[in-house]
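Single-structure report; data block below.
The values are calculated or read from the model by the stated rules, or taken from the named source; none is laboratory data. Please read all numbers here as calculations on a predicted model, not as lab measurements. Please note: Cβ atoms are built from the backbone with ideal geometry, for glycine as well, and neighbour counts cover all protein chains shown.
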Amino acid sequence: MPGPRCAGGPKPMRGVMSLKLLLAGWRGGDAPLSPTSENARTWLGQVERWFQANASEWLESSRFGTGPRGAPQLRLRLHPAAGEVSFLAASGSRVVISAETSAVGPGYHVFLCDTLKAMGQALDIQWVQADDTLDVGDPTGYFHTGDAGPVEVYMLAWLQETVAQVLRMRSLGESGFSMSLRFGHMFEHPGALLTPLGPRDERWMRRVYEDPRVGMDVFPWWRQGVGAHARLGRALCRLWTEVVWRPPLLEEERRLLRDVARSLELAWREDPELAYPWREWREVLGYLGVGGTLAETVHHHADHHGARGPSIGYRRGAVQVALPAGWEIRIPGSLAEAHLEDGTWVARDHRRSVRFVPLEDDAEEHFATTTAERRALELEYQGERVSGRASLHMEPGECRLTALCSSGRHRALCVVSFADPEEEDWALGTWRSLDHAAAA
């Protein structure tokens, strides 16, 4: 259950053992793989292309990097609630694949195992037998035996242990926990436990502790098979954790909305009787400017059968964001985020922006002598772990707060720009929300 502990945000669970695949094998073919050879990277490229051709609907992202001992590594993300699947081209012709599946459910575990076996057959991988002493293999046995029965047992045991730990910590006065949410964002949202499919209260956790099958609704992909339930679960995860609730500013945001709309449509055409998020589906289609018969159907259901109560979407509220160099900041969930090549992080909408740059230790003196404004940093702030000084430039349509922040030896520059002078308090609050994880 990855994720940083952020001041003011939900706390990710620690110490609960998740269900992890660790598969090893030998690649057949001609030349052996070397950790630094072009041959190894070429083979990982074949893996990426195989997934693009055979699992494109579920392939969200891919990236190449370096693993242990400099071995070439490929990381694929196949579900919004799952961590990345790692492919390591180790020494010789050895291949190591690792993935955690607890957060998504038995259906995803079976899907991933079946997909990896099909890939192994296509790319001539000879799998190593499971070895419990080395934690190599599939703990449920499914990858090796094809018996899916134990998968559900492992998932439910993990869920029961997780809620038991949350309940213990809540009895000690702790509050605000998250389960299976991705690293980098912690959402400020009411609920005893935040999950990829929405918040859960203590009553739910107590029922799950007594009978974990009550909690099957927390897994986005419980049933086996790539069908309506899997696609609906995937769309709901993205609505809860990723969608920014406003018209898209970036092409990346537009692609996300299109993906959600497509998943919902495919699921609905296969099984129209499932519980669809009609209100939020209507919002997504509105942001995309989509009309036609399907949009009319969604509008009708949203008007007559839509859910009551709070809308889906953690990013309708504030978000605690993990920044470069161990920093954290609180921003509105509606801001579009981007990491630039020079290390700068930017979040913005059509009228506000926040820019953050980690600095070298001596950057404060450099900044004070070279900034074009050459004005005194007249505002001061002293927090529990972070202190800062800032200047505030206020003109109608062009307001800017420029701040230097310190936490121990760590330095950072934060620039908050806004069009409306009445948002001065928001700008000051954003600056003062900066925290540093290492200091915590």
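Starting from residues that are of a type in the set (K, R) and touching a residue at least 12 places away in the same chain (Cβ under 8 Å), keep the ones in the stretch 162-186 and report whichever is nearest to V104 (Cα to Cα). Give the steps one after another, and end with the answer.
To start, the set of residues in the stretch 162-186 that are of a type in the set (K, R) comprises 168, 170, 182.
If we keep only those that are touching a residue at least 12 places away in the same chain (Cβ under 8 Å) as well, we get 170, 182.
Numbers: R170: 24, R182: 12 Å.
Among them, the one singled out is R182.
I'm told H301 meets every condition in (1) touching a residue at least 24 places away in the same chain (Cβ under 8 Å); (2) part of a loop (DSSP other than H, G, I, E, B); (3) farther than 19 Å from P196 by Cα except one. Can you identify the failing condition by its number? Among (1) touching a residue at least 24 places away in the same chain (Cβ under 8 Å); (2) part of a loop (DSSP other than H, G, I, E, B); (3) farther than 19 Å from P196 by Cα, the lone unmet condition for H301 is (2).
The listed residues are R213, R231, R254, R258, and the only one of them that is in a helix (DSSP H, G or I) and within 21 Å of G83 (Cβ to Cβ) turns out to be R231. Among residues that are over 30 Å from R27 (Cα atoms), under 27 Å from the mean Cα position of the chain (by Cα) and either β-branched (V, I, T) or at pLDDT below 95 (or both), V136 is not included.
Can you tell me which residues in the stretch 216-228 are outside any helix (DSSP H, G or I) and under 18 Å from the mean Cα position of the chain (by Cα)? Working first, answer last.
Going residue by residue through the stretch 216-228, those that are outside any helix (DSSP H, G or I) are 219-227.
Result: F219, P220, W221.
Against the test of being surrounded by 14 or more Cβ atoms within 10 Å (Cβ to Cβ) and either under 16 Å from the mean Cα position of the chain (by Cα) or assigned to a helix (DSSP H, G or I) (or both), the options W268, W245 yield a single qualifying residue, W268. Looking at V284, is it in a helix (DSSP H, G or I), buried (at least 17 other Cβ atoms within 10 Å of the Cβ) and touching a helix residue (DSSP H, G or I) at 6+ places or on another chain (Cβ under 6 Å)? Yes, satisfied.
Answer yes if at least one residue in the stretch 303-314 is farther than 22 Å from L239 by Cβ, touching a helix residue (DSSP H, G or I) at 6+ places or on another chain (Cβ under 6 Å), modelled with pLDDT of 90 or more and not polar (S, T, N, Q), and no otherwise.
Start the filter on the stretch 303-314 by keeping residues that are farther than 22 Å from L239 by Cβ, which leaves none.
No, that holds for no residue.
Being outside the structural domain of H79 (by TED's automatic domain parsing), surrounded by fewer than 16 Cβ atoms within 10 Å (Cβ to Cβ), farther than 28 Å from A295 by Cα and modelled with pLDDT of 95 or more holds for only one residue in R203, R258, and it is R203. When we screen S180, S98 for residues that are touching a strand residue (DSSP E or B) at 6+ places or on another chain (Cβ under 9 Å) and outside the structural domain of Y209 (by TED's automatic domain parsing), the only hit is S98.
Quick one: would you say A192 is modelled with pLDDT of 90 or more and assigned by TED's automatic domain parsing to the domain that holds G233? Reasoning before the result, please.
Numbers: modelled with pLDDT of 90 or more: yes; assigned by TED's automatic domain parsing to the domain that holds G233: yes.
Spelling it out, A192 is indeed modelled with pLDDT of 90 or more and assigned by TED's automatic domain parsing to the domain that holds G233.
One residue alone among A336, A347 is of a type in the set (A, V, I, L, M), closer than 29 Å to L193 by Cα and crowded, with 18+ Cβ neighbours inside 10 Å, and that residue is A347. Annotation: R238 fulfils all but one of (1) under 30 Å from R351 (Cβ atoms); (2) part of a loop (DSSP other than H, G, I, E, B); (3) touching a Pro at 6+ places or on another chain (Cβ under 8 Å); the unmet one is (2). I'd like the residue in the stretch 168-197 that is among the small types (G, A, S) and assigned to a loop (DSSP other than H, G, I, E, B) and, out of all such residues, is nearest to the chain's Cα centre (by Cα). The extreme case among them is G184.
In the stretch 64-148, counting only strands (runs of 3 or more DSSP E) that sit wholly within it, the ones holding 1 or more residues that are surrounded by fewer than 16 Cβ atoms within 10 Å (Cβ to Cβ) and touching a residue at least 12 places away in the same chain (Cβ under 8 Å) span 125-127.
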